[in-house]
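Asks: I'd like to ask you about the structure that follows.
The values are calculated or read from the model by the stated rules, or taken from the named source; none is laboratory data. What you see is a predicted model; the values in this text were computed from it and never measured. Glycine gets a Cβ as well: all are built from the backbone with ideal geometry, and neighbour counts include every protein chain shown.
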Amino acid sequence: MRGMAALQEEIHLDSMKVAQEYVNEVYETIQTRNPGEQEFHQAVKEIFDSLVPVFAKHPKYMNNGILERISEPERIITFRVPWVDDFGKVRVNRGFRVQFSSAIGPYKGGIRFHPSVNASIIKFLGFEQIFKNALTGQPIGGGKGGSDFDPKGKSDGEVMRFTQSFMTELCKYIGPDTDVPAGDIGVGAREIGYMFGQYKRIRGGFEAGVLTGKGLGYGGSLARTEATGYGVVYFVEEMLKDQGASMKGRTVVVSGSGNVSIYAMEKAMQLGASVVACSDSNGYIYDKNGINLETVKRLKEVERKRISDYVKEHPQAEYREGCSGIWEIPCDVALPCATQNEIDANSARILVKNGVRAIGEGANMPSTLEAIEVFLQSGVLFGPAKAANAGGVSVSALEMAQNSMRLAWTFEEVDAKLHEIMINIYRTSMKAAAEYGHPGNLVVGANIAGFIKVADAMMVQGLV
């Protein structure tokens, strides 16, 4: 009996070795083929490392080149975006759309307007989107887009002229059954409205399903604004429930003060938590008595001011320059909702030292690979971005469904569906982690669950 067990273990180790060699080889090819694209390399490595046990157990994915195919975009579109500023000067920005995978549905992913946008960032976001979208259970593929245009400090007229120029080119490649963009950093209701209007003007028809995140008056969905922030808190709540705990009474720190951050704070407060800190790109505020959310909403959503203005109305609070210091504030739950790689290994160690119990990633890839390792080794509950922040794209898919049926669900109906989706993502990820030898590791579980769904669809569709 022991001999048979030893033989099985030897076979397993051989399979793991072959799978690891395969993964390493494909990753090295990606590095060579995409030089200098650090964000893309980081996203690929994080996912690839999780998939070794899948290839060891199911060599059919290796034999059919699934990893090579899924890591190469089906299409990359790069284009210039000329526009005229308020002083009559011609400006030129660069636009991107990466259509990564349509194996399970039309490409779906946001558009980001930010000076940092480049091919590497758009590719990392699009690659992550493949697996995030698969986890939602909705029929949507992976894509992403954006521009290095910075809407901050621009007038409405400048934003409109830029956005119309951007859509004039992008409209050639999108459609309700082809590619359905949404908002992201720098792209909110204003930008989506301008893009939809330009698309409609060029195409000559009202195709509501071509964009999501639309205004309620022209095909948008209730609860879409709140979806990503609410979703990440629903996910964290599930992690805590499995430990016999909840959000009630927890001290929470949230980075950022945009859409995701605001509604993560709102849902955390509704569940009985105390949110004591949030930030913007200049610095962060700390209010030990609990942040006044209405003030933050007004400053950021209505008046478009800096978070530093909070302390003018709430003098008991503190404002500190710089963003990374926010992770030095002791908390039970940390929700990084600002941008990629905002938590490094040092910040992770400080959070652990100060007793953090759970991390829910509201932004895309906000923790470095080293930071994630610190959290996992320390036994901190860790909700990775592709699982924890999937609420936004989930409700985008629900918006697409409502557009197709020409109806609108109530806020309560959409919120209930969102809550159910987030619970299912958590359970699916936990199940996959346990099945492939990493119980409780949601990074591995989410990567594997998302990959298998897309890989199986690719297998039956042939060499495409």
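Asks: Looking at region 328-375, which of its residues are within 19 Å of ALA245 (Cβ to Cβ) and of a type in the set (A, V, I, L, M)?
Replies: If the condition is that a residue be within 19 Å of ALA245 (Cβ to Cβ) and of a type in the set (A, V, I, L, M), then VAL333, ALA334, LEU335, LEU351, VAL352, VAL356, ALA358, ILE359 are the ones that fit.
Asks: Any residue in region 11-34 that is over 20 Å from ASN64 (Cβ atoms) sitting within a Cβ distance under 7 Å of a residue that is in a helix (DSSP H, G or I)? List the pairs, counting only those 6 or more apart or interchain.
Replies: Once the first residue is over 20 Å from ASN64 (Cβ atoms) and sits in region 11-34, its partners that are in a helix (DSSP H, G or I) give GLN31/HIS41; ASN34/PHE40.
Asks: Looking only at region 331-347, which residues are closer than 16 Å to HIS114 by Cα and of a type in the set (Gly, Ala, Ser)?
Replies: ALA338
Asks: Identify all residues within region 58-85 that are of a type in the set (S, T, N, Q) and under 29 Å from TYR22 (Cα atoms); write none if there are none.
Replies: Residues satisfying the conditions are ASN63, ASN64, SER71.
Asks: Another one. Report whether or not ASN24 is more than 20 Å from GLY143 (Cα to Cα), at pLDDT 95 or above and in a strand (DSSP E or B).
Replies: No: the conditions fail for ASN24.
Asks: Now for a separate question. Restricting attention to region 21-33, does a residue exist that is among the β-branched types (Val, Ile, Thr) and in contact with a strand residue (DSSP E or B) (Cβ under 9 Å, 6 or more places away or on another chain)?
Replies: No, region 21-33 contains no residue that is among the β-branched types (Val, Ile, Thr) and in contact with a strand residue (DSSP E or B) (Cβ under 9 Å, 6 or more places away or on another chain).
Asks: Hey, can you tell me all the residues within region 384-412 that are surrounded by fewer than 15 Cβ atoms within 10 Å (Cβ to Cβ), touching a residue at least 12 places away in the same chain (Cβ under 8 Å) and assigned to a helix (DSSP H, G or I)?
Replies: SER404, PHE411
To keep it simple, each residue is scored yes or no on (1) among the aromatic types (Phe, Trp, Tyr); (2) under 26 Å from GLU25 (Cβ atoms).
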{"position": "LEU67", "(1), (2)": "no, yes"}
{"position": "PRO82", "(1), (2)": "no, no"}
{"position": "ASP86", "(1), (2)": "no, no"}
{"position": "VAL90", "(1), (2)": "no, no"}
{"position": "ASN93", "(1), (2)": "no, no"}
{"position": "PHE100", "(1), (2)": "yes, yes"}
{"position": "SER116", "(1), (2)": "no, no"}
{"position": "SER120", "(1), (2)": "no, yes"}
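Asks: Any residue that is basic (Lys, Arg), buried (at least 18 other Cβ atoms within 10 Å of the Cβ) and over 21 Å from LYS417 (Cα atoms) - is there at least one of those in region 209-216?
Replies: Checking region 209-216: not a single residue is basic (Lys, Arg), buried (at least 18 other Cβ atoms within 10 Å of the Cβ) and over 21 Å from LYS417 (Cα atoms).
Asks: Within region 224-254, how many residues are over 17 Å from the mean Cα position of the chain (by Cα), crowded, with 22+ Cβ neighbours inside 10 Å and either part of a loop (DSSP other than H, G, I, E, B) or among the small types (Gly, Ala, Ser) (or both)?
Replies: Qualifying residue count for the region: 1.
Asks: Hey, among the residues in region 429-454 that are within 18 Å of GLY141 (Cβ to Cβ) and touching a Lys or Arg at 6+ places or on another chain (Cβ under 9 Å), which one's surrounded by the fewest Cβ atoms within 10 Å (Cβ to Cβ)?
Replies: By that ranking, first place goes to ALA449.
Asks: Check THR295 against each of (1) in a loop (DSSP other than H, G, I, E, B); (2) more than 20 Å from ALA385 (Cα to Cα) and name the one condition it does not meet.
Replies: Result: THR295 fails condition (1) only.
Asks: Let me ask something else. Given the condition of a type in the set (Ser, Thr, Tyr), under 22 Å from MET239 (Cβ atoms), surrounded by fewer than 22 Cβ atoms within 10 Å (Cβ to Cβ) and modelled with pLDDT of 95 or more, answer yes or no: does some residue in region 369-378 qualify?
Replies: yes
Asks: Any idea which residue in region 39-49 is farthest from the chain's Cα centre (by Cα), counting only those that are in contact (Cβ under 8 Å) with a residue 40 or more places away in the chain and closer than 15 Å to SER367 by Cβ?
Replies: Among them, the one singled out is LYS45.
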